Amino acid sequence: MIYAYLSTILAVQKTLHLQGEIMANNSITPYPFEAVIVDGGRIPFQRSGTGYKKLMAYDLGRMAIEGLIGRSALHESDIDQIIMGCVIQDVNTSNIARESALGAGLPNSIPAHTVTQACISSNQAISSAVNLIRTGQAKVVLAGGTETMSDIPIRFRRKFRRKLLDAQKYKSLSDWLSFFKGLRPSDLLPEVPAISEFSTGETMGESCDRMAAHFGISRKAQDKYSLRSHQLAAKATREGLLAPELLPAAVPPDFDTFVQDNGFREDTSMEKLAELPPAFIKPHGTITAGNSSFLTDGASASLIVEETKAHELGLVPKAYLREYTFVAQDPEDELLLGPAYATPQVLDRMGLSLSDIDVFEFHEAFAGQILTVLKALDSDAFARKKLDRSRKVGEIPMDKFNCWGGSLSLGHPFGATGARLVTTAANRLHHEDGQIALVAACAAGGQGHAMIIERYDG
């Protein structure tokens with residue numbers, strides 16, 4: 001027993017020592033097992049009400065899984081777990097990871113669970129996969145996410161719902177005759193899910209409008225950034241840069257196949273964007289439909305594998321999934337500032353600075369949100385007041401930032417965007433001959449996420 005106790009103490013000391021090391025090379029790591037991404041993909045994102053309007057989120061998730069496994073050398077039986085993100089869930093497929101996996105024909109012996117963390121749900125799915133691998137509980141995890149805004153659950157109002165539940169106990173005609181007693185016509189109207197924050201009652205657009213004004217982000221700057229996103233997405237599509245991450249989606253009943261995103265606007269311009277009215281705070285707000293991400297349907301999937309297992313299976317890793325963090329702030333004043341808090345955390349853990357990053361992939365909820373995050377990171381005042389740092393994190397070079405478009409132009413299916421960011425970052429590292437990538441995203445509730453990804457050259 002004494003020997004076992006001493007061995008445990010020595011193992012803990014060794015782990016703590018390793019955690020203090022900067023991972024300057026692949027051999028220095030605080031984890032017994034390394035997680036790598038070997039492949040990732042997504043069905044083409046479509047504006048809600050268009051290509052996937054007749055499908056459930058389950059269908060989208062199923063197609064993403066089928067597409068990724070179909071082009072992989074991985075055998076289905078090698079998958080240990082499945083994790084998928086989804087935000088607005090259908091009660092009929094509440095564990096949509098399990099339903100999508102079964103629909104895709106994966107063995108029913110593979111456990112699956114669904115996570116929800118607003119816009120960073122599939123970031124959480126991937127992070128959970130990394131944890132399972134690092135702790136030795138899994139060797140191969142399929143992680144991703146799915147979302148539809150074309151078929152959101154709409155329910156009856158609370159008073160009518162209570163009546164319906166009570167009606168299950170009715171036994172006589174008189175019971176049924178009293179059903180409508182106390183109900184008003186308005187109680188029978190459907191209840192659409194609210195787009196406002198539950199904690200504050202404010203919409204994300206309203207919050208972003210206030211935040212942009214506080215940081216001095218002009219309407220023109222937001223429109224200019226939005227134009228950049230659409231132009232880069234169109235260029236990346238034209239040049240085939242996004243092709244490696246796109247999984248063709250054949251949509252029943254006619255099985256028309258979608259092969260590219262349909263949200264980016266190659267023909268937009270500053271003049272067209274300037275004509276759009278404020279969408280949230282009228283008449284002086286700066287957030288418009290043109291500089292906001294649009295309602296999107298889509299799904300993504302990625303294969304996260306333990307490094308040694310990948311080699312055993314003949315899989316070629318794309319990147320190591322290194323440090324990550326999740327943060328949370330005041331949802332009233334800092335709803336979308338998560339990346340400004342998460343970025344310095346992961347950089348510090350890796351002993352890196354912004355100058356060490358070759359590829360940046362940040363979620364674009366609104367142009368105003370992205371520009372605010374960039375300004376906060378480059379602000380000494382923000383660093384001192386909010387980050388307890390003596391100086392700013394630094395300026396992110398735009399020639400490395402979201403170079404293939406982003407959520408403003410490609411779209412943002414809430415549960416699927418995180419896996420898109422990680423997949424695109426890994427692909428860009430190889431295409432641009434980079435070494436280190438930084439992925440970051442904001443989320444409802446005042447939360448945020450960041451992850452460091454390192455190109456695999458082994």
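The values are calculated or read from the model by the stated rules, or taken from the named source; none is laboratory data. All values reported here derive from a predicted model rather than from experimental measurement. All Cβ positions, glycine included, derive from the backbone under ideal geometry; neighbour counts span all protein chains shown.
The condition (being more than 14 Å from Gln369 (Cβ to Cβ) and among the small types (Gly, Ala, Ser)) is satisfied by just one residue among Ser218, Ser207, Ser226: Ser218. Selection of helices (runs of 4 or more DSSP H) fully inside the stretch 106-202 by the criterion of at least 2 residues being more than 23 Å from Phe294 (Cβ to Cβ) and in contact (Cβ under 8 Å) with a residue 40 or more places away in the chain returns 121-134. Does Ala328 satisfy the criteria of being of a type outside the set (D, E, K, R), touching a residue at least 12 places away in the same chain (Cβ under 8 Å), touching a strand residue (DSSP E or B) at 6+ places or on another chain (Cβ under 7 Å) and crowded, with 18+ Cβ neighbours inside 10 Å? Spelling it out, it is not the case that Ala328 is of a type outside the set (D, E, K, R), touching a residue at least 12 places away in the same chain (Cβ under 8 Å), touching a strand residue (DSSP E or B) at 6+ places or on another chain (Cβ under 7 Å) and crowded, with 18+ Cβ neighbours inside 10 Å. Note on the stretch 368-382: residues that are under 26 Å from the mean Cα position of the chain (by Cα) and either over 21 Å from Arg210 (Cα atoms) or among the hydrophobic types (A, V, I, L, M, F, W, C) (or both) amount to 7. A single member of Glu361, Glu323, Glu395 is touching a residue at least 12 places away in the same chain (Cβ under 8 Å), touching a Leu at 6+ places or on another chain (Cβ under 8 Å) and not in a loop (DSSP other than H, G, I, E, B), and it is Glu361.
Put simply, of Asp380, Asp388 the only residue that is at positive phi and either without any contact (Cβ under 8 Å) to a residue 40 or more places away in the chain or among the hydrophobic types (A, V, I, L, M, F, W, C) (or both) is Asp388. The criterion of being small (Gly, Ala, Ser), crowded, with 24+ Cβ neighbours inside 10 Å, in contact with a strand residue (DSSP E or B) (Cβ under 7 Å, 6 or more places away or on another chain) and within 30 Å of Glu197 (Cα to Cα) does not hold for Ser150.
Pick out the one residue from Ser218, Ser199 that is small (Gly, Ala, Ser), surrounded by fewer than 19 Cβ atoms within 10 Å (Cβ to Cβ) and touching a Pro at 6+ places or on another chain (Cβ under 8 Å). Just a single option satisfies the conditions, and that option is Ser199. The residues listed here are Ala416, Ala425, Ala440, Ala367; of these, the one that is of a type in the set (Gly, Ala, Ser), under 22 Å from Ala221 (Cα atoms), touching a strand residue (DSSP E or B) at 6+ places or on another chain (Cβ under 6 Å) and buried (at least 18 other Cβ atoms within 10 Å of the Cβ) is Ala440. Of the candidates Lys224, Lys171, Lys235, Lys181, the single residue that is basic (Lys, Arg) and either under 30 Å from Asp330 (Cα atoms) or crowded, with 18+ Cβ neighbours inside 10 Å (or both) is Lys224. Inspection of the stretch 160-174 identifies at least one residue that is in contact with a Leu (Cβ under 7 Å, 6 or more places away or on another chain), of a type outside the set (Ser, Thr, Tyr) and at pLDDT below 95. Scan the stretch 81-97 and give yes if some residue there is closer than 27 Å to Ala319 by Cα, hydroxyl-bearing (Ser, Thr, Tyr) and outside any strand (DSSP E or B), otherwise no. The answer is no, given that none of the residues of the stretch 81-97 is closer than 27 Å to Ala319 by Cα, hydroxyl-bearing (Ser, Thr, Tyr) and outside any strand (DSSP E or B). Screening the candidates Thr286, Thr257 for the property of being in contact (Cβ under 8 Å) with a residue 12 or more places away in the chain and of a type in the set (S, T, N, Q) yields one hit, Thr286. Being farther than 26 Å from Thr50 by Cβ, touching a helix residue (DSSP H, G or I) at 6+ places or on another chain (Cβ under 9 Å) and not in a strand (DSSP E or B) narrows it down to one residue among Gly314, Gly285; which is it? None of the other options fit; the residue is Gly285.
Is one or more of the residues making up the stretch 6-15 part of a helix (DSSP H, G or I) and either modelled with pLDDT of 95 or more or surrounded by 17 or more Cβ atoms within 10 Å (Cβ to Cβ) (or both)?
Within the stretch 6-15, not a single residue is part of a helix (DSSP H, G or I) and either modelled with pLDDT of 95 or more or surrounded by 17 or more Cβ atoms within 10 Å (Cβ to Cβ) (or both).
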